[in-house]
Each structure stands twice: as structure tokens, then as C-alpha cells.
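A short worksheet on the structure shown next.
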Amino acid sequence: MENKRNFQRELDLVLKEISLRDTKPVLLLHSCCGPCSSYVLEYLTQFFYIKLYFYNPNIHPEEEYKKRLEAQYKVIKSMQLENSVEIIEGEYDPDIFFSKVQGFESEPEGGERCHICIKMRMEAAALAAEKQNADYFATTLTVSPHKNALYINQTGEDLENIHQVTYLFSDFKKKNGYKRSIELCRMFDIYRQDYCGCVFSFRDTDK
């Protein structure tokens, strides 16, 4: 049974404490795409200096990856954010993704293959947060109603214990976060993809 933790409430408590500080901490924020990051950036730049880590070797094909990366830059350029945001481009090497999900190619969307992919990207974000001396790390993935916020946050908590960098719990789809991301994409004409990203989700969408 899924536990009853309210990750948005936990985030609210952290942000309340941060708002009382004299200086803003640094957040290494993994971004899965420009649209998902739009609302999260609007929300969190009030409280953090953000280093946005675009790491998604799962995206297929490469042309699609480039379109999503371009959309990410357009989000940063178009939005009037509370603080400037630094983009860090992770390595685009699909072989990393394929080696991780080998044996799970036939899994349905949202199954174990997706869990492996999420963990792969979040672990890279935790390592990048260490390297960048960030105070926190997080991911935009919880803004999507199609992603399992419980799994994402449990993974973040596990990675915090391994890498000694504080994970920022979230459920960004709460407070109409997903709805706001759609509004922002329309407002700034941001490209919104119609499949999750990998060749397998592309295959299933095509079907």
C-alpha cells in the first residue's frame, strides 16, 4: 500500500525555513524537459539559486533530444524568473540508458524499466550536486501526473544517504503545478513532446 506522506507539505516546511535565511541556498535541479521545468523554476527560484541539470540519455532519437534541449533553453530565456538559472548539460549517450534497461525492454510504460531510468538520472543529479557543492538536489519529474511521486521521492531519499547531499522532497503536480506548466508553455510557445522520451515509449505511442 502506498504510504500517506504528503511530499508537498514536507516541501512547504523546508521552503518556509529557507525563506527565513539571510542567503538563498543552491539547488541542483534535474530537468527532464523544458515544459516540466517551467512551473518548477517559477516556483523555486523564489527560494534557491538554481543550477539546472539537463541529463536525459534516454531520449530517442537524437533529433528529439536536441529539440527538448532547445526548449529548455527557451524556457530560461523567455520566463521572468526571480533569480538567474545556470544550465548544466549532462552527457547525451543513449548507450548508458540501453545498458541500464537491458532485459526490461518489454516492460510496460511506468513499470520497472521506467524506475531504472528515473533512478539513473536522479543518481547522476546527486553526483552533479556533489561536484557543484550544491546544498540540495531535486528533480522536476514529480510535476508529471504520469510519474510515481512516491518512487521518485524514495529514490531521492536513498541517494541522499549514499551521496551525502540533501534531497528536496517534492510533488510538484500539487498546487496545480502541471496545469501551470501547460499554461506557461502556451504563453511562451514552448515545445511540448507527446511521448515520455525513450525508444520504447516512442514505440508504444506509435502503436
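The values are calculated or read from the model by the stated rules, or taken from the named source; none is laboratory data. On a predicted model such as this, the values are computed, not experimentally measured, just so you know. Here the Cβ positions follow ideal geometry from the backbone for every residue, glycine too, while neighbour counts run over all protein chains shown. Note: accessible area is taken over every heavy atom of the protein model, side chains too, but ligands, DNA and RNA are not part of it. Shrake-Rupley method; radii C 1.70, N 1.55, O 1.52, S 1.80 Å.
Values for this structure:
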quantity: Any hit, region 20-27, residues being part of a strand (DSSP E or B) and of a type in the set (A, V, I, L, M, F, W, C); calculated: yes
quantity: Test for L15: is it buried (at least 23 other Cβ atoms within 10 Å of the Cβ), touching a residue at least 24 places away in the same chain (Cβ under 8 Å) and in a helix (DSSP H, G or I); calculated: no
quantity: The one condition in (1) surrounded by 18 or more Cβ atoms within 10 Å (Cβ to Cβ); (2) closer than 26 Å to Y65 by Cα; (3) touching a residue at least 60 places away in the same chain (Cβ under 8 Å) that F169 fails to fulfil; calculated: (2)
quantity: Any hit, region 46-56, residues being more than 10 Å from the chain's Cα centre (by Cα), more than 18 Å from M79 (Cα to Cα) and either buried (at least 24 other Cβ atoms within 10 Å of the Cβ) or among the small types (G, A, S) (or both); calculated: no
quantity: Of all residues in region 57-86 being among the basic types (K, R) and touching a Gly at 6+ places or on another chain (Cβ under 8 Å), the one that is surrounded by the fewest Cβ atoms within 10 Å (Cβ to Cβ); calculated: K74
quantity: Y39 under 15 Å from R121 (Cα atoms) and open to solvent by less than 40 Å² (accessible area, probe 1.4 Å); calculated: no
quantity: Candidate set: region 1-30, residues that are modelled with pLDDT of 95 or more and among the basic types (K, R); chosen: the one nearest to the chain's Cα centre (by Cα); calculated: R9
